[in-house]
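Q: Mind looking over this structure? Questions follow.
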DNA sequence: TGCATCTCGTACACCCGTGATCGAGATAGG
DNA sequence: CCTATCTCGATCACGGGTGTACGAGATGCA
């Protein structure tokens, strides 16, 4: 449903007219497209404002080949973000959300953090090139999943209900990004990050705050 | 002491040689310098990557006049950030830090948030143009103040001591920025922001978590 | 094998931001 | 009122990124 996006991102260098080429892509063309998308993520991971040339180089492909697949920079970023999020969705869908809301939330945050850590610079780039609405749309499913979980937790009394859900989402989001930044600068070990995030969020959100010794 | 910075930011357009002009600035030149600094903050507040031309326009001054006061973009950003932080210091110095560490911390956060809210885009710009070390230096006093308070709170048993202080600082920092962003997009009212920040930090940091009904 | 498809280098036009230079004119301040 | 100081427009060089045009050659695919 609504698969209107990226309609004709195919047909590299449509020699003469080359308007609406169907997905009759040659195998190597498809491979290159995938490599470019992957390269976009890794290139941006290294340098948040990598140029199109940088990305093409990272993909081991000529700049012109890249422009054959994506008309311009925004379109490239959009496609990369969409793919990245789609892959993330596949992971997050596997996270069991039933049972205790607090436990489920911690599981979801742990999985999400890894994804955020990988794609944060891509996201930063997207925020500069794409309209905010587009980014919101792309994140809709992931955000809804977490929001619903928080709401359920509030109803069941697991989470405090004196906080707006949007603020809880923002807090979670911002903490994950902060942790990613700390990892990047080497001040925090990557494996420790989820623990640190939990150490803040659990007492901040839970109604029963088991912080160690309750004294 | 150590007023080595901005040494010769004076002498606009040193006509011929114009090397080391002492602070014999004319009154209007000083005024313009101040206006430019202020304009840098407000221009960057509107658009995080405003150009030098934008800033000059915002100050109601010619671009060349600006270059008369600051040799290049980094120097301008540096000066603006330094001044902004200096003004912030004046505010923060007035915050009483004695008494209960938790209360003192909340006071400090409330004051800090206002400052962060005003200067966050300036900071973002600075992070792109200035070496990270320089930014660290500029923030040293403010960060040390908060760090010491956190450490004292840990020693006195007010704050948990199972969290690295750096992570507590990061959490605080990141939450303030997040709140500022929410205010900017209109999802949160500015007066409510400090309350929301506290609502997270207090239960997250305090050993005794008074979250309303403790069961 | 043969053709459509795809790759990709070179070269170019264009926009934007920075920073320097020149020089005329305004203005503060003694 | 006179001069050193300051403002600031016009203009240019430069660098870097984006996107387009051309076209030769490699390659998958049937």
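The values are calculated or read from the model by the stated rules, or taken from the named source; none is laboratory data. Everything numeric here is computed off the predicted structure, so don't read it as measured data. So basically every Cβ, Gly included, is an ideal-geometry build from the backbone, and we count neighbours across all protein chains shown.
Q: Criterion first (closer than 24 Å to residue A:77 by Cβ, surrounded by 13 or more Cβ atoms within 10 Å (Cβ to Cβ) and touching a helix residue (DSSP H, G or I) at 6+ places or on another chain (Cβ under 7 Å)) does residue A:141 satisfy it?
A: So residue A:141 passes the test.
Q: Modelled with pLDDT of 90 or more and more than 16 Å from DNA strand C (Cβ to nearest atom), is that true of residue B:104? Even if it seems obvious, please write down each step before you answer.
A: On the way: modelled with pLDDT of 90 or more: yes; more than 16 Å from DNA strand C (Cβ to nearest atom): yes.
Yes, satisfied.
Q: Looking at A:90, A:86, A:75 in this structure, which one is more than 20 Å from residue A:197 (Cβ to Cβ) and either in contact (Cβ under 8 Å) with a residue 12 or more places away in the chain or touching a strand residue (DSSP E or B) at 6+ places or on another chain (Cβ under 8 Å) (or both)? I'd like the intermediate steps shown before the answer.
A: Values: A:90 fails: either in contact (Cβ under 8 Å) with a residue 12 or more places away in the chain or touching a strand residue (DSSP E or B) at 6+ places or on another chain (Cβ under 8 Å) (or both); A:86 fails: either in contact (Cβ under 8 Å) with a residue 12 or more places away in the chain or touching a strand residue (DSSP E or B) at 6+ places or on another chain (Cβ under 8 Å) (or both).
Selected residue: A:75, the only one of A:90, A:86, A:75 that is more than 20 Å from residue A:197 (Cβ to Cβ) and either in contact (Cβ under 8 Å) with a residue 12 or more places away in the chain or touching a strand residue (DSSP E or B) at 6+ places or on another chain (Cβ under 8 Å) (or both).
Q: Looking only at region B:95-133, which residues are in contact (Cβ under 8 Å) with a residue 24 or more places away in the chain and not in a helix (DSSP H, G or I)?
A: Residues satisfying the conditions are B:97, B:100, B:130.
Q: Something else now. Tally the residues that are facing chain A (nearest Cβ under 10 Å) and out of contact with any helix residue (DSSP H, G or I) (no Cβ under 8 Å at 6 or more places or on another chain), restricting the search to region B:147-163.
A: Taking region B:147-163 as the starting set, the residues that turn out to be facing chain A (nearest Cβ under 10 Å) are B:157, B:160-163.
When the remaining residues are screened for being out of contact with any helix residue (DSSP H, G or I) (no Cβ under 8 Å at 6 or more places or on another chain), the result is B:157.
Residues in region B:147-163 being facing chain A (nearest Cβ under 10 Å) and out of contact with any helix residue (DSSP H, G or I) (no Cβ under 8 Å at 6 or more places or on another chain): 1 in total.
Q: Just the residues that are part of a helix (DSSP H, G or I), under 19 Å from residue B:182 (Cβ atoms) and in contact with a strand residue (DSSP E or B) (Cβ under 8 Å, 6 or more places away or on another chain), please, taken from region A:134-164.
A: Residue satisfying the conditions is A:150 alone.
Q: Scanning for something modelled with pLDDT of 95 or more and either farther than 20 Å from residue A:201 by Cα or in the same structural domain as residue B:47 (by TED's automatic domain parsing) (or both), does region B:157-168 turn up at least one residue?
A: Scanning region B:157-168, I find at least one residue that is modelled with pLDDT of 95 or more and either farther than 20 Å from residue A:201 by Cα or in the same structural domain as residue B:47 (by TED's automatic domain parsing) (or both), so the answer is yes.
Q: A further question follows. Name the single residue, out of those in region B:164-182 being within 11 Å of chain A (Cβ to nearest Cβ) and surrounded by fewer than 19 Cβ atoms within 10 Å (Cβ to Cβ), that is farthest from residue B:101 (Cα to Cα).
A: Filtering region B:164-182 for residues within 11 Å of chain A (Cβ to nearest Cβ) gives B:164, B:166-182.
If we keep only those that are surrounded by fewer than 19 Cβ atoms within 10 Å (Cβ to Cβ) as well, we get B:164, B:166, B:169, B:173, B:181.
Numbers: B:164: 17, B:166: 17, B:169: 15, B:173: 18, B:181: 28 Å.
Among those that are within 11 Å of chain A (Cβ to nearest Cβ) and surrounded by fewer than 19 Cβ atoms within 10 Å (Cβ to Cβ), it is B:181.
Q: Quick one: is residue A:35 assigned to a helix (DSSP H, G or I), under 23 Å from the mean Cα position of the chain (by Cα), within 11 Å of DNA strand D (Cβ to nearest atom) and free of Cβ contacts under 8 Å to residues at least 60 places away in the same chain?
A: Criteria not met by residue A:35.
Q: In region A:197-206, what residues are surrounded by fewer than 22 Cβ atoms within 10 Å (Cβ to Cβ) and at the interface with chain B (Cβ under 7 Å from one of its Cβ atoms)?
A: Listed by number, the list holds a single entry, A:199.
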